[in-house]
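Step one of this worksheet: look at the structure below.
The values are calculated or read from the model by the stated rules, or taken from the named source; none is laboratory data. Because the structure is predicted, anything quoted here is derived from the model rather than measured. Cβ: placed from backbone, ideal geometry, glycine included. Neighbour counts: every protein chain shown.
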Amino acid sequence: MNKRTVTINDLDKLHMIQEPVFSPDGKKLAFVRKKITGDDYCSHLIVQDVTSSESVQWTFGNGTAASPQYSPDGKWLIFSGTKSTGDKPQLFLFAVDGGEAEQLTDLPEGAYRPRWNEDSSEILFSTPLAPGGDPVVPEEISKKPEPLIIDSLKYKSDAAGFFTDKRKQLAVLSLSTKKINVLTEENFDLAPADWDQKGGQILYLADKHEDSSVGTDLYLFNRKSGQHKKIMQGAFSQASFSPDDTKIAVLGHEQEFKGATQSKVWVYDVESAQAACLTGRNDLGFTDTMIGDIQSASSSDGPYWREDGKAVYASASYHGSTNLYEITTDGTVTPKTEGNHHVFAYAVHAPTGAAAAAISRPDDPGEIYFSPLEAPDWKQLTSLHESFHEEIHLFSPEEIWFKTKDGLDLQGWVIRPDHSAGEGLLEIHGGPHAMYGSTFFHEMQLLASRGYTVFYCNPRGSHGYGQQFVDAVRGDYGGMDYEDIMSFTDEVLNRFEEIDKDRLGVTGGSYGGFMTNWITAHTDRFKAAATLRCISNWISFYGVSDIGYFFTEWEVGRDFLDDPDTLWAHSPLKYVSRMKTPLLIMHGEQDLRCPIEQAEQLFVSLKKLGRSTRFIRFPEANHDLSRSGPPHLRRRRLEELAAWFDEYLR
């Protein structure tokens with residue numbers, strides 16, 4: 001059978017694998033499979049037998065499912081989900097021996113992140129509440145638009161939109177009575193992480209900082225006394241009790257390098273109230289920092305403990321790959337998966353010492369694998385993309401390493417089409433503290449299928465190469481990061497003679513959009529460019545972005561109130577008169593991370609100068625358009641991107 005190459009509509013054939021979790025006996029694995037259906041996303045619960053290829057879909061229809069959790073007694077499977085588009089997620093309960101799902105909650109603002117207690121009698125979750133609000137009784141909503149009163153710098157986020165007075169509180173549902181008890185009444189969102197076996201101590205994550213600082217700290221909540229105790233301060237993402245409840249494993253960092261700090265693995269001793277970093281001797285970032293447009297980090301549980309309490313398991317990103325590691329309490333780090341791939345979700349079953357890992361590669365959108373951890377031997381469990389592979393030919397990139405101008409080792413990749421006419425496309429990732437690497441990327445496969453040689457690298461500022469490397473871009477945006485990317489382009493042209501140096505294009509989003517703008521203002525070597533969800537003006541970004549008031553100082557190195565001149569010097573808009581490369585500008589109208597005014601300023605300036613430019617606005621799309629935006633807009637975005645380069649490079 002002759003295989004075809006990737007098309008835009010193949011987005012609909014891709015399965016996103018999320019949140020795997022083992023049954024208590026270790027024989028089953030539940031996970032969420034998300035997929036585009038028409039012009040929306042549906043996600044369903046799948047239960048996989050770990051000893052065979054047998055799997056069963058447990059939910060159906062146009063709803064969603066998230067955060068599956070087996071009860072410790074093995075009788076129940078709970079999840080947060082919806083029955084149809086637009087509903088607030090509620091808690092649903094399956095009996096594992098069969099039957100329909102029972103809806104446990106009907107809360108006006110929904111129920112999120114369920115967690116069982118040890119005897120399977122209660123479920124911890126979070127639900128948004130206004131001060132003094134009743135979780136069950138819906139609030140009267142005015143039919144007329146009301147003004148939004150703002151007293152804090154933290155009043156919006158790209159993911160959630162504009163904040164209201166509702167904050168996610170901790171609540172517990174009794175399985176026998178179905179009654180809900182709200183445990184907290186805080187003025188901050190609380191995200192439950194874990195609770196001890198007796199159910200008396202609850203771990204949660206929260207940003208309770210005032211406007212002057214930003215972070216996500218770890219707290220212990222005593223259910224009996226109602227006291228909250230901050231136990232770790234910084235930027236933490238996950239935490240779990242040890243099997244005997246005497247210790248807590250934690251992922252995160254203390255913001256030593258602000259947002260450029262590598263995540264570490266910690267153990268907090270409950271009795272002594274002291275935290276020790278287990279991975280301080282290893283120059284690794286213990287989190288998934290891989291950039292892709294299909295699979296992304298999705299495990300909300302963890303870090304996972306070994307049964308004896310002497311080791312934990314977590315993923316780390318290194319040299320363009322993300323793998324699963326075992327970290328012992330004496331600081332020994334051992335990989336449990338090895339290779340050039342992307343472990344984007346995982347689960348560990350401590351009693352049997354086994355693990356499941358969802359793994360993607362550039363030529364594989366992703367499947368789940370299973371292995372014992374003592375002597376790893378990974379076997380594929382799922383075949384979600386079997387028909388996709390039977391029908392479609394995927395390209396495997398070539399990896400290259402080279403020296404930068406100042407002697408650093410830089411990693412990049414080149415995807416070569418079957419038939420090249422000479423056009424080359426440079427892709428630049430966002431972040432900048434992220435990482436390109438060995439994962440499936442639909443956009444790159446699409447461009448290669450259309451005959452473009454696609455090349456991409458990890459310039460300084462990227463994760464995967466140590467703390468000094470990831471920190472090197474701060475205060476130097478448009479400096480040596482720009483030189484890295486230009487040197488990489490030179491290296492690619494020297495090695496791949498089929499690329500015509502006069503038919504080069506460049507594109508990137510977010511930081512990659514900033515860099516695309518910067519490149520077009522500092523060189524004419526590219527004959528066409530596309531800037532996506534970009535930054536063009538750091539001065540206005542400071543006041544309009546949901547993160548602008550701290551991100552500019554963290555990354556550019558100066559606060560607007562102290563040194564606007566430096567922000568302007570690092571702004572591509574300052575150099576707009578030099579921009580002569582035809583530039584496509586695409587931006588989501590609901591983007592609160594890099595608001596659309598960044599695109600508007602650039603477009604108006606270029607048009608006033610008589611440059612070749614086109615501005616495409618995407619309604620109802622935020623900063624995450626290319627990964628999770630409305631499907632019809634994702635398709636249209638790819639159509640416009642490919643058409644622009646076809647117009648100017650062919």
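Just one residue in the set Asp97, Asp151 is over 30 Å from Asp244 (Cβ atoms), exposed (fewer than 10 other Cβ atoms within 10 Å of the Cβ) and in the same structural domain as Pro243 (by TED's automatic domain parsing); that residue is Asp97. Within segment 340-363, if we keep just the residues that are surrounded by fewer than 18 Cβ atoms within 10 Å (Cβ to Cβ) and of a type outside the set (Val, Ile, Thr), the residue that is farthest from Thr289 (Cα to Cα) turns out to be Pro351. Return the residue satisfying two criteria in turn: it lies in segment 221-233 and is closer than 15 Å to Gln274 by Cα and either outside the structural domain of Asp194 (by TED's automatic domain parsing) or without any contact (Cβ under 8 Å) to a residue 24 or more places away in the chain (or both), and of such residues it is nearest to the chain's Cα centre (by Cα). Looking at residues that are closer than 15 Å to Gln274 by Cα and either outside the structural domain of Asp194 (by TED's automatic domain parsing) or without any contact (Cβ under 8 Å) to a residue 24 or more places away in the chain (or both), I get Gln233.
Taken over segment 548-594, the criterion of being of a type outside the set (A, V, I, L, M), closer than 21 Å to Ala528 by Cα and part of a loop (DSSP other than H, G, I, E, B) is satisfied by Ser571, Lys580, Thr581, Pro582. If you check Gly74 against the conditions, is it touching a strand residue (DSSP E or B) at 6+ places or on another chain (Cβ under 6 Å), at pLDDT 95 or above and not charged (D, E, K, R)? When the stated conditions are applied, Gly74 does not pass them. For Val473, the conditions (1) part of a helix (DSSP H, G or I); (2) under 27 Å from the mean Cα position of the chain (by Cα) are fulfilled apart from (1).
Of the residues making up segment 189-216, those that are within 22 Å of Tyr304 (Cβ to Cβ) and either modelled with pLDDT of 95 or more or surrounded by 19 or more Cβ atoms within 10 Å (Cβ to Cβ) (or both) number 12. Kindly evaluate Asp546 against the criterion of being surrounded by 20 or more Cβ atoms within 10 Å (Cβ to Cβ) and within 20 Å of the chain's Cα centre (by Cα). The answer is yes for Asp546.
Which ones in segment 598-649 are among the hydroxyl-bearing types (Ser, Thr, Tyr) and in contact with a helix residue (DSSP H, G or I) (Cβ under 9 Å, 6 or more places away or on another chain)?
Correct list: Ser605, Ser612, Thr613, Ser626, Ser628.
Residues considered: Asp563, Asp524, Asp591. Of these, the only one that is more than 27 Å from Arg637 (Cα to Cα) and at pLDDT 95 or above is Asp563.
Answer with yes or no whether Leu251 is part of a strand (DSSP E or B), more than 28 Å from His341 (Cα to Cα) and either at pLDDT below 95 or not assigned by TED's automatic domain parsing to the domain that holds Gly508 (or both).
Answer is no for this residue.
Considered as a group, the residues in segment 194-211 that are touching a Leu at 6+ places or on another chain (Cβ under 9 Å) and either outside the structural domain of Lys258 (by TED's automatic domain parsing) or of a type in the set (Gly, Ala, Ser) (or both) include one that is farthest from Val250 (Cα to Cα), and that residue is Gly199. Looking only at segment 396-441, which residues are hydrophobic (A, V, I, L, M, F, W, C), without any contact (Cβ under 8 Å) to a residue 60 or more places away in the chain and under 24 Å from Arg634 (Cα atoms)? Result: Ile415, single match. Of the residues making up segment 483-505, those that are surrounded by fewer than 18 Cβ atoms within 10 Å (Cβ to Cβ) and basic (Lys, Arg) are Arg495, Lys501.
When segment 495-523 is filtered for residues that are on the phi < 0 side of the Ramachandran plot and part of a loop (DSSP other than H, G, I, E, B), the ones remaining, listed by number, are Phe496, Glu497, Glu498, Ile499, Asp500, Lys501, Asp502, Arg503, Thr523.
Within segment 41-57, identify whether any single residue is assigned to a loop (DSSP other than H, G, I, E, B), surrounded by fewer than 19 Cβ atoms within 10 Å (Cβ to Cβ) and modelled with pLDDT of 95 or more, and answer yes or no. For segment 41-57, residues assigned to a loop (DSSP other than H, G, I, E, B), surrounded by fewer than 19 Cβ atoms within 10 Å (Cβ to Cβ) and modelled with pLDDT of 95 or more: absent.
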